[in-house]
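All remarks here apply to the structure that follows.
What follows draws every value from the coordinates through simple rules; no lab data is involved. Values in this document were obtained by computation on a predicted structure and should not be read as measured data. No Cβ is skipped: glycine too gets one built from the backbone with ideal geometry, and neighbour counts run over all protein chains shown.
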Amino acid sequence: MAGKVSAVRARARTKAATLRAWASKDSRAALGRRIGRIRLFTAVALALLTGLSAAFVAYGFLRWTISVDTKKDAAEIDVTRVALTVVAGVGGVVALVIAYRRQRDMEESRFVERFGAAASQLGATDVAVRIAGVYAMAGVADGSDGLHRQQCINVLCGYLRMPYRPEFGANHQSKLILKQHRASSDGTRSDDQECHLEYRHNDREVRATIVRVVADHLRPTAESNWSSCDFDFRTAHLENIDLSNVKFSGAAKFGRVTFSGYAEFGGATFLGPAGFGGATFLGTAGFGGTTFSGTTGFGSTTFSDTARFGGATFLGAAGFGGTTFSDTARFGGATFLGAAEFGGTTFSGIAEFHNVRFASTAEFGDAKFSGDASFVQVDFGTEAISFVRPKQWGPPAPAFDWDQDLSQKPTNVEPQDWPPIVVPAA
């Protein structure tokens, strides 16, 4: 009995090893080649069947419309001639299919070659070569579409996501050596430790070039437009970027990005989801007149300087929960057609919401207002608008149209007993 169990286990291990071997890279590549041959055979077979079907249909139509004297010897010759013509036509179709596949394989090979060359330039140590690599990769993207274009964009975005130190970004320093002196545990001797940090020469200009190239390809005037692609800048460090009047049709991911200097998105259009959650804006942030069509996330974002959202339009849900506005927050004239989430948000400076329109629910519960906040001439719509349980309510207290006459307060604005009762953070 034990022998049978051992045999079963051995067979199981053999099958597992076979499965692992089948799943290996080489096996998958071989399988891909076999599938490629099967697909080529299928394409040729379909071409043959289509050609033969068309020939039979044409032959039947001719026999139906044209009378043929079958008693004459020439009739058989004519039939043979027609058959040969049909065979030649079908052969031509097969040749076209094979030529098409060969052309496609050649284009794939050229893409791989150009893509690899551009990627090698981006990895060079010389700054001029890296800048040339940016334009080379953009050229490959311009000459491609679909998945190939997306791959090129992923490489450019990936470069921006690599570790970066702004203080070393604009100089020629390539190595920083930190030496530490540590005493041993018995106090009789000491050890010296060195930490070597490597940096790229003048990487700031390379990164700025990538941002400019991307921005130019996202504007309506671009000869080759990349708007339909996805862009993933998460965790990147972006300095003084200008993405005004660009259009993102795909996903735009800026989560946990550090924006130093200015960050200008004025007049931009986000048709897909836009994610800025956890980002840090160290300079002035401009989103004036921007259109957010999909879900927009600014949750837990920090704005250290002025944040401008005046005239922005949020067609989908807009999440600003837990956001910190350390300076002025300008939302004057903005439109929120979807749910607006400002719960737990901190407004330390001026908060301007005058002439804002809320067409759906809006949540300001647990928010902190410690600067001048204005909600004058706001259209609060008919959905629930909540200011309950604020963690701070001034001074000065936020200004509303009904401050002098509570009878003018919309019934959908909560709490009903005004002003809200402050509940300090535990």
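By other beta-carbon atoms within 10 Å, ranking R219, R104 with the fewest at the front produces R104, R219. Annotation: extensible slack from A425 through A132 equals 100.1 nm (criterion: 0.36 nm per residue apart, minus Cα-Cα distance).
Compute the FRET efficiency between R165 and I98 as 1/(1 + (r/R0)^6), taking r as their Cβ-Cβ distance and R0 = 45 Å, and round to the nearest 0.05.
0.25
Modelled spin labels at A397 and N240, positioned 7 Å past Cα toward Cβ, are 4.6 nm from each other.
Roughly what % of Cα-Cα distances in segment 230-414 sit above 28 Å, to the whole percent? Summing the P(r) of segment 230-414 above 28 Å gives 19 percent of all pairs.
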